[in-house]
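Worksheet: the structure to be examined is printed underneath.
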């Protein structure tokens with residue numbers, strides 16, 4: 001069997017396994033079962049393969065590929081690029097995370113409008129997300145490389161400071177901030193372990209494990225999605241894709257993970 | 001001329017680096033402006049959810065190892081206590097079975113939730129309650145045997161009601177939502193949760 005077939009077989013096992021009295025087992029056991037069923041294959045590889053295709057394909061009004069996109073290490077350099085993001089880019093005069101940088105390149109190189117480039121930021125039933133596939137491809141090229149976000153440029157420092165403020169900002173009907181769940185050691189929500197994102201080891205472990213293939217959703221989820229869904233549960237309004245707040249918060253979390261070895265796309269429940 | 005250019009350049013660098021050295025108040029204002037521009041209203045979640053009240057503002061500052069001074073904590077608790085609305089019938093105990101349902105459900109107030117649908121308090125997300133439910137979180141303390149340990153007294157019933165209604169009235173900057181104060185639960189629902197904690201027949205006290 002080739003890799004794709006093996007993955008497909010793994011997914012079938014998964015689909016069957018998840019139907020059997022799932023509620024009687026604990027989440028932790030479920031995760032172990034999923035991992036065992038998948039063996040060494042992570043369905044994220046399907047997204048990585050599609051993302052590589054999208055990266056190389058001449059698309060958009062300008063019929064150009066993304067291969068000359070500068071992700072932070074120079075045009076066309078993908079390996080290790082995710083570990084230096086978010087970063088200030090002189091051409092757009094903005095601090096950009098991977099997702100916003102991809103949008104910029106889709107606009108400047110391929111000629112898409114920003115609206116077209118941001119369409120379907122997150123995949124769902126019947127709608128694939130090109131961005132999530134591209135994110136899977138690009139991030140996979142940083143596997144095994146240490147996080148190294150510089151944050152020396154004044155705009156990067158400002159983004160970090162604002163991101164920190166957002167992390168601790170309590171609001172909404174539940175008075176929640178990011179820190180409500182991610183500000184103390186060894187806590188759980190239900191059975192889910194919560195990383196303390198203010199501590200180095202936890203911050204590294206958490207950040208370097210995103211994006212991830214979410215078994216429960218059957219999708220690869222980007223870091224933008226992770227923040228979007230955290231804020232939903234925080235009872236905040238809807239976070240706009242690639243918004244300044246999302247990039248600033250990513251800057252805070254990414255820089256705090258410096259030194260951690262990047263190991264994603266991963267697989268999560 | 002050369003010196004002049006160098007001086008100008010130095011001033012430029014200084015100015016640009018000063019621009020990033022925001023005071024704490026400036027950083028707060030900037031962060032709020034950035035958030036207001038980065039979120040959009042959806043369903044019941046309007047942008048006014050980003051407008052902090054005094055408690056939220058204060059508690060967003062005493063973070064990362066900075067502890068809230070005692071006098072400030074006492075002030076918050078006093079202010080929040082004054083905001084508690086007690087049931088007109090002075091009865092605090094509802095139906096513990098309903099309380100268990102409310103404790104299990106995390107629905108409500110999210111932008112994708114139907115505002116007309118019943119809401120929950122998701123107590124189990126953070127607390128142990130009944131012995132039977134193994135899937136509980138640890139952000140808050142265990143509440144197993146809550147009433148049994150404290151006594152099934154009217155005073156303790158009233159305290160439980162107050163704590164669920166407004167946690168900040170007893171522990172300033174607590175992580176726990178103010179379920180009554182912020183309209184997450186109705187009065188009847190809070191009574192049901194109190195029954196879960198305080199009814200001798202509730203699994204919490206078995």
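No lab work stands behind these numbers, since they all come straight from the coordinates. Everything quoted here is computed from the prediction, not taken from an experiment. Virtual Cβ from ideal backbone geometry, glycine too; neighbours counted across all protein chains shown.
Listing for the model above:
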item: Normalised contact order of the stretch B:51-206, rounded percent, pairs of Cα under 8 Å and 6 or more residues apart; result: 31
item: Rounded to 10°, Cα long-axis angle of helix B:70-82 versus longest principal axis of chain B; result: 50
item: Distance cut-off 24 Å, percentage of C-alpha pairs in chain A lying past it; result: 50
item: Length released on extending from residue A:230 to residue A:263, taking residue separation times 0.36 nm less the Cα-Cα span; result: 9.7 nm
item: Tilt relative to chain B, helix B:187-198 - C-alpha long axis, 0 to 90 degrees, to 10; result: 70
item: Label-to-label distance, nm, for residues given as residue B:85 and residue B:170 (7 Å Cα→Cβ offset); result: 2.1
item: Degrees separating the helix B:24-38 axis from the principal Cα axis of chain B, which is the longest one; result: 70
item: Gyration tensor (alpha-carbon) shape descriptor, chain B, a/c threshold 1.5; result: prolate
item: Computed over chain A: relative contact order in percent, which uses C-alpha pairs under 8 Å that are six or more apart; result: 22
item: Overall form of the stretch B:32-130 per C-alpha gyration tensor (a/c, 1.5; a/b vs b/c); result: oblate
item: Expected 222 nm ellipticity per residue - DSSP helices of 4 or more, -39500 (n - 2.57), all of the protein assembly as shown, to 500; result: -13500 deg cm²/dmol
item: Gyration tensor verdict on the protein assembly as shown (Cα atoms; rounded if a/c is under 1.5, prolate if a/b is larger than b/c, oblate otherwise); result: oblate
item: Distance (nanometres) between label positions extended 7 Å along Cα→Cβ at residue A:153 and residue A:40; result: 4.0
item: Residue B:75/residue A:200 FRET efficiency (R0 51 Å; Cβ-Cβ; nearest 0.05); result: 0.90
item: Approximate spin-label separation residue B:131-residue B:62, in nm, with each point projected 7 Å along Cα-to-Cβ; result: 3.8
